[in-house]
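For reference, the structure discussed in these notes is given below.
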Amino acid sequence: MWLLQPFNERATRLFLGVLLACLALVTVLHLAVPAGHPLYVSAYTVTLLGKYLSYALLAVAVDLVWGYLGILSLGHGAFFALGGYAMGMYLMRQIGDRGTYGNPILPDFMVFLNWDSLPWYWLGFDMPWFAFLMVMLAPGALALVFGFLAFRSRVTGVYLSIITQAMTFALMLAFFRNEMGFGGNNGLTDFRELLGFDLRTDATRLGLFVATGLALALGYVLCRAIVTSKLGRVSVACRDAEARTRFLGYRVERFQLFVFVVSAMLAGVAGALYVPQVGIINPSEFSPIFSIEIVLWVALGGRGTLYGAVIGALLVNYAKTVFTGAMPDAWLFALGGMFVLVTVFLPKGVAGLLSYRLKRKAQQSDDSSTPQEATS
Amino acid sequence: MSFISSLADRDRVFDFLVPATSPVDVRHGPILYLEDVTVTFDGFKAIDDLNLTIDDGELRCIIGPNGAGKTTMMDIITGKTRPDSGSVWFGSRHNLLAMSEPEIASLGIGRKFQKPTVFEALTVFENLELAMAADKRILPTLTARMSGEIRDRIEEVLDTIGLVELRDGPAGILSHGQKQWLEIGMLLMQRPRLLLVDEPVAGMTEQEMERTAELLTGLAGKGKQSVVVVEHDMGFVRSIARQVTVLHQGSVLAEGSMDQVSQDPKVVEVYLGADPDEEAA
């Protein structure tokens, strides 16, 4: 079974082991250690970590298309936001008549706009299975249409990056409009419960954190299974020599479309896990800057490794939390500085540093040069 | 009436029921047939009324000065460029002008480009694996597994092209000549009927050239591949060619054995005469 293939790799087992150990550690430190103890992890921190993990899943999705397929998407924030909106719509419907206006069907902002019935695209979002399906299908459908048009016309490279930016910008403008029926610039908020669990309790927050961690683990394994399959090697072939791959008889545009859609769906899942933890989804998630930031995480962590994307997302967002707390004005300078330093000194990102260290270690233990080097 | 009775004829096998194992019909001899082909780029006739026939199993060299239309001819055969007029047939059944690039590739026409393009990030073995004739749709590719049969085929080709020791190294570290052989190996993985090879020995050392000549002459033959080589290097052409075609300004100037062709006064004038060193050699 190709999905189980990654478990044969040492690196994947190591990654999953570390991730699951961290999840368990945080859970224990949150539940078993008394509040006030220096090792205690507060519910606030748990939610913050959960948010980082959803960003990490998003970064893995971006690395799948950028690192292995060579498509620099500067619009993955759009898929993330669409997944988030699908989740937000479900959470809005769960509020029921407990909103400010007490309307059992219409969310508050619709009552405020004097709408008398739900728009058709809100129907079905009271059912969790439908909403969770939409979390993947909505971004997947957008990626399918967008990718079909772009890849069929053989739009790649910097042109594709630019139109993905345009796509997310256009969606941001559209979602800002009140008439769109997604809450305008306030977005969707005031969520209460998810599947019957009160979102404001610490137990639910911990549950969401663990669920996000597991989703990251599953997403990582899925991506790893894709990149280690023959399809992954075809993707790398498309990345490095597209015309050559086409000439071997592979329909490059279909491979690009497949991987792009899978990646968009993963981004949607990340968005859906992000929304209940931060408690709001609004059009700012569509902003082009956010999509560029995701690419920065991946670049910092190390492109084309998947675990590098996770490291990058966690590092940058942790740094962002620290900096915006201590010196809010300095954050953008710090981000820019980090990016410059990493590109100059660590062209393969943090992951490159790790694998370089591992290689050096292997070389020291085995002093005779490998046959690969003998021929180069 | 005869149509209806033909439907009742139990010995008749309908075309669509014939298994597509070897779709190329070469019973009439030629595997590739170009007739009256003309291509114009912005008023410039790159190919002018070209007629060319390649027999099954033949090794043919095509020579000609720069701009003679050699690469354009390859582009037409592989579907990259569409001619303004003329017809191109693969065997006597397949009209190549009505097919797309991937369709032509999967039919068994392999092309080696002038500049070697191998997938540098993948290993030599993986390069060959991707090139293999297989179901190249998405889901079969995703779930594809390495069977013993596939492994044997890859080993066999590795042996043919002499890269067995380098199988697990990335293709990016190969020398220029080794990359050319790997490319030829990738073509062989597709079990092609016709190999189009564009300037295989450009930039090769003397030794590498000899090996390449051995490799190419070993590939052509009845029941194996037909090989078309476009080459500038006269010494190399002389060492491998049985049949030589000289192109000039988009059409065939002369055709025959190397000796016949090199004595043709027209050829001497437009091509061989232009380079007296080569002529002396």
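The values are calculated or read from the model by the stated rules, or taken from the named source; none is laboratory data. Fair warning: this is a prediction, and the values are worked out from it, not measured in the lab. No Cβ is skipped: glycine too gets one built from the backbone with ideal geometry, and neighbour counts run over all protein chains shown.
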Inset, instruction - Could you tell me whether B:PRO116 is under 29 Å from A:GLY67 (Cβ atoms), facing another protein chain (nearest Cβ under 8 Å) and either assigned to a loop (DSSP other than H, G, I, E, B) or out of contact with any His (no Cβ under 9 Å at 6 or more places or on another chain) (or both)? - result: no
Legend entry - Residue check for B:SER92: within 9 Å of chain A (Cβ to nearest Cβ) and either of a type in the set (Lys, Arg) or under 20 Å from the mean Cα position of the chain (by Cα) (or both): no
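Within the range A:155-186, which residues are in a loop (DSSP other than H, G, I, E, B), β-branched (Val, Ile, Thr) and either farther than 19 Å from A:ALA143 by Cβ or touching a residue at least 40 places away in the same chain (Cβ under 8 Å) (or both)?
Matches in the range A:155-186: A:THR156 only.
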Inset, instruction - Give the residues of the range A:1-29 that are at pLDDT below 85 and more than 22 Å from A:GLY308 (Cα to Cα), sorted by residue number. - result: A:MET1, A:TRP2
Legend entry - Boolean, B:THR123 is β-branched (Val, Ile, Thr), modelled with pLDDT under 85, over 21 Å from the mean Cα position of the chain (by Cα) and surrounded by 17 or more Cβ atoms within 10 Å (Cβ to Cβ): no
Legend entry - In the range A:154-171, the residues that are surrounded by fewer than 20 Cβ atoms within 10 Å (Cβ to Cβ), under 22 Å from A:ARG251 (Cβ atoms) and aliphatic (A, V, I, L, M): A:VAL155, A:ILE163
Inset, instruction - Report, by residue number, each residue of the range A:72-111 that is touching a Pro at 6+ places or on another chain (Cβ under 6 Å) and small (Gly, Ala, Ser). - result: A:GLY83, A:GLY96
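Table: residues versus (1) of a type in the set (Ser, Thr, Tyr); (2) at pLDDT 80 or above; (3) exposed (fewer than 14 other Cβ atoms within 10 Å of the Cβ).
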{"site": "B:HIS28", "(1), (2), (3)": "no, no, yes"}
{"site": "B:THR38", "(1), (2), (3)": "yes, yes, no"}
{"site": "B:GLU58", "(1), (2), (3)": "no, yes, no"}
{"site": "B:GLY67", "(1), (2), (3)": "no, no, no"}
{"site": "B:THR72", "(1), (2), (3)": "yes, yes, no"}
{"site": "B:ILE77", "(1), (2), (3)": "no, yes, no"}
{"site": "B:ASP84", "(1), (2), (3)": "no, yes, yes"}
{"site": "B:VAL88", "(1), (2), (3)": "no, yes, no"}
{"site": "B:GLY108", "(1), (2), (3)": "no, yes, no"}
Legend entry - Top-ranked residue of the range B:215-264 - restricted to ones that are among the small types (Gly, Ala, Ser) and assigned to a helix (DSSP H, G or I), ranked as surrounded by the most Cβ atoms within 10 Å (Cβ to Cβ): B:SER262
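Restricting the search to the range A:66-89, which residues are assigned to a helix (DSSP H, G or I) and either without any contact (Cβ under 8 Å) to a residue 60 or more places away in the chain or more than 26 Å from A:GLU193 (Cβ to Cβ) (or both)?
Answer for the range A:66-89, where residues must be assigned to a helix (DSSP H, G or I) and either without any contact (Cβ under 8 Å) to a residue 60 or more places away in the chain or more than 26 Å from A:GLU193 (Cβ to Cβ) (or both): A:TRP66, A:GLY67, A:HIS76, A:GLY77, A:ALA78.
Whether any residue in the range B:51-61 is under 30 Å from B:LEU253 (Cβ atoms), in contact with a helix residue (DSSP H, G or I) (Cβ under 6 Å, 6 or more places away or on another chain) and among the hydrophobic types (A, V, I, L, M, F, W, C) is what I want to check.
yes
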Inset, instruction - May I ask you to verify whether A:PRO288 is surrounded by fewer than 24 Cβ atoms within 10 Å (Cβ to Cβ) and either touching a residue at least 40 places away in the same chain (Cβ under 8 Å) or within 14 Å of chain B (Cβ to nearest Cβ) (or both)? - result: yes
Legend entry - Residues being under 21 Å from B:VAL270 (Cα atoms) and over 12 Å from the mean Cα position of the chain (by Cα) - total across the range B:39-70: 17
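Give the range B:138-173 a look and list any residue that's assigned to a loop (DSSP other than H, G, I, E, B) and either more than 21 Å from B:ARG111 (Cα to Cα) or within 8 Å of chain A (Cβ to nearest Cβ) (or both), or say none.
B:THR143, B:ALA144, B:ARG145, B:MET146, B:SER147, B:ARG167, B:ASP168, B:GLY169
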Inset, instruction - Identify, from the list B:ALA133, B:ALA121, the residue that is touching a strand residue (DSSP E or B) at 6+ places or on another chain (Cβ under 8 Å), within 10 Å of chain A (Cβ to nearest Cβ), under 19 Å from A:GLY232 (Cα atoms) and outside any helix (DSSP H, G or I). - result: B:ALA121
Inset, instruction - Scan the range B:237-261 and report the pairs whose first residue is closer than 26 Å to B:PHE44 by Cα and whose second residue is of a type outside the set (Asp, Glu) and part of a loop (DSSP other than H, G, I, E, B), with Cβ atoms within less than 6 Å and a gap of 6+ or a chain change. - result: B:VAL246/B:GLY64; B:LEU247/B:GLY64; B:LEU247/B:ALA68; B:LEU247/B:GLY69; B:HIS248/B:GLY64; B:HIS248/B:ALA68; B:GLY250/B:GLY69
Legend entry - Pairs with Cβ under 6 Å, 6+ apart, first in the range B:152-170 and within 19 Å of B:THR117 (Cα to Cα), second in a loop (DSSP other than H, G, I, E, B): B:LEU158/B:ARG167
Inset, instruction - For A:LEU58, state whether it is at pLDDT 85 or above and either surrounded by 19 or more Cβ atoms within 10 Å (Cβ to Cβ) or over 18 Å from the mean Cα position of the chain (by Cα) (or both). - result: yes
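Kindly provide the set of residues from the range B:193-214 that are buried (at least 21 other Cβ atoms within 10 Å of the Cβ) and either touching a strand residue (DSSP E or B) at 6+ places or on another chain (Cβ under 8 Å) or assigned to a loop (DSSP other than H, G, I, E, B) (or both), ordered by number.
Correct list: B:ARG193, B:LEU194, B:LEU195, B:LEU196, B:VAL197, B:PRO200, B:VAL201.
Every residue, every condition in (1) under 24 Å from A:LEU266 (Cβ atoms); (2) more than 18 Å from the chain's Cα centre (by Cα), yes or no:
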| residue | (1), (2) |
| --- | --- |
| A:ASN8 | yes, yes |
| A:THR12 | yes, yes |
| A:GLY17 | yes, yes |
| A:CYS22 | yes, yes |
| A:ALA32 | no, yes |
| A:PRO38 | no, yes |
| A:TYR44 | no, yes |
| A:LEU53 | yes, no |
Legend entry - Filtered residue count, the range B:110-120, keeping only those that are of a type outside the set (Phe, Trp, Tyr), surrounded by 21 or more Cβ atoms within 10 Å (Cβ to Cβ) and more than 15 Å from the chain's Cα centre (by Cα): 1
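Mind listing whichever residues of the range A:230-251 are of a type in the set (D, E, K, R) and more than 7 Å from every other protein chain (Cβ to nearest Cβ)?
Passing the criteria: A:ARG239, A:GLU242.
Within the range A:181-225, which residues are within 14 Å of chain B (Cβ to nearest Cβ) and surrounded by 23 or more Cβ atoms within 10 Å (Cβ to Cβ)?
Going through the range A:181-225, the residues within 14 Å of chain B (Cβ to nearest Cβ) turn out to be A:222-225.
Correct list: A:CYS223, A:ARG224.
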